[in-house]
Amino acid sequence: MKKFFTRRSTLIVTVVLTAVLSFSFVKTDLFEVSKNLDIFNNLYLVLNESYVDETKPGQLMKTAIDGMLESLDPYTIYITENDIEDFMYTTTGEYGGIGALVTDIDGKIIVVDPYEGFSAQRNGIKSGDEIVEVNGSGVKGKKSDDVRPLLKGQAGSPIKLKVIHPGQTTPVEISLMREEIRVKAVPYYGVLSNPTCGYIKLTSFTENCSGQVKEALVKLKEKNCKSIILDLRGNPGGLLQEAVNIVNLFTDKGNEVVFTKGKVKEWDRPYPAVYNPVDIQVPLVVLIDENSASASEIVAGALQDFDRAVLVGHRSYGKGLVQQTRDLAYNGKLKVTVAKYYIPSGRCVQALDYTHKDGDGRVEKVPDSLITAFKTKHGRIVYDGAGILPDVKTEDKKLGNILLALLNKNHIFNYSTQYVLKHPQISATKDFQLSDSEFSDFVAYLKDKDYTYKTESEDALEDLRKDAVKEKYFNDIKKEYEALVAKMQADKKDDLTKFKSEIKQFLEEEIVSRYYYQNGRIEQSLKNDSEIKLAMDLLLDEAKVKSILTTIDKPSKPFNPAKRF
């Protein structure tokens, strides 16, 4: 067995060595690569043959690979054969399964979000259902991470579930077929409360997401929308070419949208708009936040550089790196950072410098001294090195501690499940609103529930107590300290009233999603979205938009993205 293992391991490492040496290195010392692979090959074989206890060769190799890649950046990763399906989902938005999200709640496997129109929803599975068996095997004591792979599988394959519906105690068996689940990159688009303004929500940059945005844009124009809001908040990015195609919808054919530059010459290339645009005149606002990254930043940044859209929200994430996937032996893959990207003004938005880490491995932000000013097409000043700064910055939104506690302890989710049992139907999303009496019912529901939480003020008081005890001042302030703590506890009892509007908003969104699924949740959220309201008001003010997108300053040099280096 040892002899077989040695031959097989040598073969694996030789295959890896051959694959690595087949890459087109430009500046890498090939002798150093070959030498160190030989050292690793020898060490790996000796370790597995000689270590006192039995080893797990595959696990050892994965640990070694992960450790090596972690020294680079978080986007360069090894994808094993077992993880391929999850990886493909991030690029295609497709997987084989039943079309429902599950999670752990109170030690049970609970369905939290069935996708409308897919197998689970069509067969009567709803949010709040508890899954107790999958294909005859009980799931008691298992985590949702263990159960999700059981629900996934080849499209067309049968699966049997035993579920307990809310309000019942006896499980029912449901037979259904797995199918190809396509999660839309544009889960929602529609006309806003201002009937001249259209809204498009884009959640990811998967295959053909630009086609979905185009379809939404065309249909909104057919409904006489005179302006558009493109929502990229929370969008982590994806396929670069899809970002280029989306910019192309709003800008002239031939414009260079992005340029990539890497160590290998083949990655020094422009990505121009190659199609005829849909509309180069429609007033456009793009919403971004701190979680808008990568391809989202290409779209937002390019439209800003072309002075084509007003950006509203918060500074974006700051990911200016490009990855490519390479095939490896035994059906594995390497997703590797191969280039940086530069948007039309010539700037790269990468915020963290992974080539310079401190002694503890922490990555530093690009220092202010290295931040460079660039100019947009009309001469507005923009900056590199720290994400995309919006043209109109909005206030930071911080959820109250009580709301976070209610969400984390699943009280809003569980109450919504009970609400559905009492209300077989509700009004249309545009008309739905939780009444004061229904909110009082929620407060009553919480009477025997735990939703304890600590505020920052309480943490500060506790730190004060510890310091005072250490410095022997506490006895002198003990009476005042205890009175302050008691006052704070009394004030916290009013938090349900103080944060009523915020809590109601999340309750309404969760409740509406039970009847109208993902579309309903988004539609409900738009009713209370201050950034949407700001964007709509801005688009109604043509003079304000024009003043943002123009400047009296003249560019110090012509806007010529081809000459950035």
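The values are calculated or read from the model by the stated rules, or taken from the named source; none is laboratory data. Being a predicted model, the structure only gives us computed values, none of them experimental. With ideal geometry, Cβ positions are generated from the backbone for all residues, glycine too; neighbour counts draw on all protein chains shown.
Of the residues Lys430, Lys454, Lys447, which is out of contact with any Lys or Arg (no Cβ under 7 Å at 6 or more places or on another chain) and farther than 28 Å from Gln524 by Cα? Before you say what the answer is, go through the steps one by one.
Values: Lys430 fails: farther than 28 Å from Gln524 by Cα; Lys447 fails: farther than 28 Å from Gln524 by Cα.
Step by step, each of Lys430, Lys454, Lys447 is checked, and only Lys454 is out of contact with any Lys or Arg (no Cβ under 7 Å at 6 or more places or on another chain) and farther than 28 Å from Gln524 by Cα.
Please go through the range 428-468 and give me each residue that is hydroxyl-bearing (Ser, Thr, Tyr), surrounded by 10 or more Cβ atoms within 10 Å (Cβ to Cβ) and under 31 Å from the mean Cα position of the chain (by Cα), ordered by number. Full working, then the answer.
First, the residues of the range 428-468 that are hydroxyl-bearing (Ser, Thr, Tyr): 429, 435, 437, 440, 445, 451-453, 455, 457.
Checking the rest, the ones that are also surrounded by 10 or more Cβ atoms within 10 Å (Cβ to Cβ) come to 429, 440, 445, 451, 453, 455, 457.
Once the filter is applied, which keeps residues that are hydroxyl-bearing (Ser, Thr, Tyr), surrounded by 10 or more Cβ atoms within 10 Å (Cβ to Cβ) and under 31 Å from the mean Cα position of the chain (by Cα), the range 428-468 yields Thr429, Tyr451, Tyr453, Thr455, Ser457.
Given the criteria in contact (Cβ under 8 Å) with a residue 12 or more places away in the chain, buried (at least 17 other Cβ atoms within 10 Å of the Cβ) and under 28 Å from Leu352 (Cβ atoms), does Asp73 qualify? Quick ask: steps written out before the conclusion?
Numbers: in contact (Cβ under 8 Å) with a residue 12 or more places away in the chain: yes; buried (at least 17 other Cβ atoms within 10 Å of the Cβ): yes; under 28 Å from Leu352 (Cβ atoms): yes.
Yes; evaluated as a whole, the condition is true for this residue.
Check Gly379 against each of (1) surrounded by fewer than 17 Cβ atoms within 10 Å (Cβ to Cβ); (2) in contact with a Lys or Arg (Cβ under 7 Å, 6 or more places away or on another chain); (3) farther than 30 Å from Thr550 by Cα and name the one condition it does not meet.
Against the list (1) surrounded by fewer than 17 Cβ atoms within 10 Å (Cβ to Cβ); (2) in contact with a Lys or Arg (Cβ under 7 Å, 6 or more places away or on another chain); (3) farther than 30 Å from Thr550 by Cα, Gly379 comes up short only on (3).
Determine, yes or no, whether Gln168 is surrounded by fewer than 17 Cβ atoms within 10 Å (Cβ to Cβ) and polar (S, T, N, Q).
Values: surrounded by fewer than 17 Cβ atoms within 10 Å (Cβ to Cβ): yes; polar (S, T, N, Q): yes.
Judged against the criteria, Gln168 is a match.
Checking the condition of a type in the set (Lys, Arg), surrounded by 13 or more Cβ atoms within 10 Å (Cβ to Cβ) and in contact (Cβ under 8 Å) with a residue 12 or more places away in the chain, which residue from Lys126, Lys143 passes? Working first, answer last.
Numbers: Lys143 fails: surrounded by 13 or more Cβ atoms within 10 Å (Cβ to Cβ).
Answer to the check: Lys126.
Could you tell me whether Ser427 is among the hydroxyl-bearing types (Ser, Thr, Tyr) and without any contact (Cβ under 8 Å) to a residue 40 or more places away in the chain? Give the derivation first.
Numbers: among the hydroxyl-bearing types (Ser, Thr, Tyr): yes; without any contact (Cβ under 8 Å) to a residue 40 or more places away in the chain: yes.
The answer is yes for Ser427.
Evaluate the range 271-285: report whether one residue or more is under 22 Å from Gly238 (Cβ atoms), touching a residue at least 12 places away in the same chain (Cβ under 8 Å) and polar (S, T, N, Q).
No, there is no match, as no residue in the range 271-285 is under 22 Å from Gly238 (Cβ atoms), touching a residue at least 12 places away in the same chain (Cβ under 8 Å) and polar (S, T, N, Q).
From Ser119, Ser157, grab the single residue that is surrounded by fewer than 17 Cβ atoms within 10 Å (Cβ to Cβ), hydroxyl-bearing (Ser, Thr, Tyr), modelled with pLDDT of 95 or more and over 28 Å from Ala339 (Cβ atoms). Walk me through how you get there before you give the answer.
Details: Ser119 fails: surrounded by fewer than 17 Cβ atoms within 10 Å (Cβ to Cβ).
So the residue among Ser119, Ser157 that is surrounded by fewer than 17 Cβ atoms within 10 Å (Cβ to Cβ), hydroxyl-bearing (Ser, Thr, Tyr), modelled with pLDDT of 95 or more and over 28 Å from Ala339 (Cβ atoms) is Ser157.
So is Gly117 under 26 Å from the mean Cα position of the chain (by Cα), outside the structural domain of Asp358 (by TED's automatic domain parsing) and part of a loop (DSSP other than H, G, I, E, B) or not? Before you say what the answer is, go through the steps one by one.
Values: under 26 Å from the mean Cα position of the chain (by Cα): yes; outside the structural domain of Asp358 (by TED's automatic domain parsing): yes; part of a loop (DSSP other than H, G, I, E, B): yes.
Taking the combined requirement at face value, the residue satisfies it.
I'd like to verify a number: residues in the range 161-189 that are small (Gly, Ala, Ser) and under 28 Å from Tyr415 (Cβ atoms), how many?
Step one: filter the range 161-189 for residues small (Gly, Ala, Ser), giving 167, 175, 185.
After this cut, where a residue has to be under 28 Å from Tyr415 (Cβ atoms) as well, the list is 167.
Summing the residues that are small (Gly, Ala, Ser) and under 28 Å from Tyr415 (Cβ atoms) in the range 161-189 gives 1.
Let me spell it out: the conditions are (1) in contact (Cβ under 8 Å) with a residue 40 or more places away in the chain; (2) buried (at least 17 other Cβ atoms within 10 Å of the Cβ); (3) in contact with a Lys or Arg (Cβ under 8 Å, 6 or more places away or on another chain), and Val163 meets all of them except one. Which number is the exception?
(3)
Can you find even one residue in the range 478-496 that is among the β-branched types (Val, Ile, Thr), outside the structural domain of Tyr115 (by TED's automatic domain parsing) and either modelled with pLDDT of 80 or more or surrounded by fewer than 11 Cβ atoms within 10 Å (Cβ to Cβ) (or both)? Give the steps one after another, and end with the answer.
Quick first cut of the range 478-496, residues among the β-branched types (Val, Ile, Thr) only: 485.
The next check asks that each one be outside the structural domain of Tyr115 (by TED's automatic domain parsing); those that pass are 485.
Now drop any that are not either modelled with pLDDT of 80 or more or surrounded by fewer than 11 Cβ atoms within 10 Å (Cβ to Cβ) (or both), which leaves none.
No, that holds for no residue.
Does Leu406 fit the bill of being under 30 Å from Gly128 (Cβ atoms) and hydrophobic (A, V, I, L, M, F, W, C)?
Working: under 30 Å from Gly128 (Cβ atoms): yes; hydrophobic (A, V, I, L, M, F, W, C): yes.
In short, yes.
Output the qualifying pairs, or none if there are none: Cβ atoms under 6 angstrom, residues six or more apart or on different chains, first residue in the range 495-511 and part of a helix (DSSP H, G or I), second residue among the β-branched types (Val, Ile, Thr) and crowded, with 17+ Cβ neighbours inside 10 Å.
That search, which allows pairs on different chains as well, returns Asp495/Ile402; Phe506/Ile412; Leu507/Ile412; Glu510/Ile412.
Each row is one residue, and each column tells you yes or no for (1) closer than 22 Å to Asn291 by Cβ; (2) assigned to a loop (DSSP other than H, G, I, E, B); (3) in contact with a Phe, Trp or Tyr (Cβ under 6 Å, 6 or more places away or on another chain).
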| site | (1), (2), (3) |
| --- | --- |
| Tyr341 | yes, no, no |
| Ser345 | no, yes, yes |
| Asp353 | yes, no, no |
| Glu364 | yes, no, no |
| Ala386 | yes, yes, no |
| Ile402 | no, no, yes |
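Can you tell me which residue is farthest from the chain's Cα centre (by Cα) among those in the range 269-305 that are more than 15 Å from Val213 (Cα to Cα), crowded, with 24+ Cβ neighbours inside 10 Å and not hydrophobic (A, V, I, L, M, F, W, C)?
The residue in question is Asp305.
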